[in-house]
Amino acid sequence: MNNPSINEMKPILKKIYQGCGCASIGCVSIIIMLLVIGLFIDDKEEKDSTTELTEIADSTETDKSHTVVNEPLEGDPYKELDELIGLEEVKKEVHSLANFIKIQKEREAKGLKKAKVSYHLVFYGSPGTGKTTVARIIGRIYKDLGVLKSGHTVETDRAGLVGQYIGQTAPQTDSVITQAIHGVLFIDEAYSLVPEYGSGNDYGQEAIATLLKRMEDYRDSLVVIIAGYKNEMKRFIDSNPGLQSRFNRYIVFPDYTAKELTEIFKMYMKKNQYTLDPDAERYLRERFEYTVNHKDRNFGNARYARNVFEKSIQQQANRLAKISNPQVDDLTTLTKDDLKVGFDAKNNIQR
């Protein structure tokens, strides 16, 4: 409600005063006081209403800390796929999919019938096995094939889709999906939307319902890739007929071997201009072999290799800080002792 200002009220007050005739000044004063009190009450109600609407809007805002938008990089996505360390079967699957899409489009261009293609994918695999990297590459491949206009990737998880209170989840999920239009929506650990022992009131079901509807609404402009541990993802897909009908292409991402982890470590070294002395070279292979043979379910794969590298160069820095004038060889060489600290760091263990 828009309240009149004091200036707007002056003619009204004048008429009241004239109309009172023989009425006492006290009567007029009471009327004026009641009008002023009404002004303040209405203003407070309007401010409270505005504040409430603002709080509701804020509460349904997407959790940006759990949603990342990656614009497509320049370059040849097929070449980047082939240059990835390991993942040979994954590469074959992606190339096979790309070939199928390409030929179906050729058939369509020549007036032939084309087979129905589902662009949505399920990635099975442990953490750190390259699922997010491949999802970004697939977005660019789909753009190259004319499947998507943009090819960007929006990466999220349960926290990015599910709200904390009633009424938040649907608009929050819809907001994330909107960002992914003409690109790929990548949902990591998607199985967490349906907790194995969750209650019937879990808001994850609302996120799934919203996702399925939007996948139908934007079937020509949205690709969804869901990822997570194999058994958990099977349970997730089997929990909803809508998921079963929309996701029918699966790609398995195996854990990295000791040799591949060594190559990943050396890749980080090359990018950052580091080398290994002979003792460190042998130690690196031995430690990765031991780690792979004793890994558990939560092993971090490539993330583990990266963490070991980061801790190793930190140790090298601590060692060289005691030298007054380190030479180039000193600054670029990692020793066995540097690597030992890197592998033994507590926050690297199996992560």
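So who's got an amide H within less than 5 Å of the one on GLY125, skipping anything under 5 residues away but keeping other chains? H placed 1.01 Å off N, in plane.
Correct list: GLY228, TYR229, LYS230, PHE253.
Hey, what D do you get for segment 64-253 in µm²/s if you plug the Kirkwood alpha-carbon radius into Stokes-Einstein at 20 °C and 1.002 mPa s?
On the way: Rh = 17.0 Å.
Answer from the Stokes-Einstein relation: 126 µm²/s.
Could you tell me the extents of segment 258-348's C-alpha atoms along the three principal axes, largest first, rounded to whole Å?
Rounded to whole Å, the extents work out to 45, 22, 21 Å.
For segment 217-308, what is the convex hull volume of its Cα atoms per residue in Å³?
On the way: hull volume 12.2 nm³, N = 92.
So the per-residue Cα hull volume is 133 Å³.
Applying the Karplus parametrisation 6.51 cos²θ - 1.76 cosθ + 1.60 with θ = phi - 60° to the phi angles of segment 81-87, what ³J(HN,Hα) value in whole Hz is obtained for each residue in order, glycine and proline being reported as x?
For segment 81-87, the Karplus curve yields 4, 5, 7, 5, 6, x, 6 Hz.
So what J values fall out for segment 272-281 if you push phi through Karplus, 6.51 cos²θ - 1.76 cosθ + 1.60 with θ = phi - 60°, rounded to Hz, Gly and Pro as x?
The phi angles translate into 10, 6, 10, 9, 10, 7, x, 5, 5, 4 Hz.
I need the peptides 128-135, 175-182 ranked by packing, meaning the mean over residues of other C-beta atoms within 10 angstrom, with the highest value on top. Mind showing how you got there, number by number?
Numbers: 128-135: 21.8, 175-182: 19.1.
Top of the packing list down: 128-135, 175-182.
With respect to the cross-link table entries LYS79/LYS266; LYS266/LYS322; LYS92/LYS113; LYS105/LYS143; LYS113/LYS149; LYS116/LYS230, which display a Cα-Cα separation exceeding 18 Å?
Values: LYS79/LYS266 20 Å; LYS266/LYS322 26 Å; LYS92/LYS113 26 Å; LYS105/LYS143 13 Å; LYS113/LYS149 23 Å; LYS116/LYS230 26 Å.
Among LYS79/LYS266; LYS266/LYS322; LYS92/LYS113; LYS105/LYS143; LYS113/LYS149; LYS116/LYS230, the Cα-Cα distance tops 18 Å for LYS79/LYS266; LYS266/LYS322; LYS92/LYS113; LYS113/LYS149; LYS116/LYS230.
Read-outs throughout are calculated quantities, based only on the coordinates presented, and are distinct from any laboratory measurement. Computed from a predicted model, the values in this text were never measured in an experiment. Neighbour counts are summed over all protein chains in view; Cβ atoms, including those assigned to glycine, are modelled from backbone coordinates with ideal geometry.
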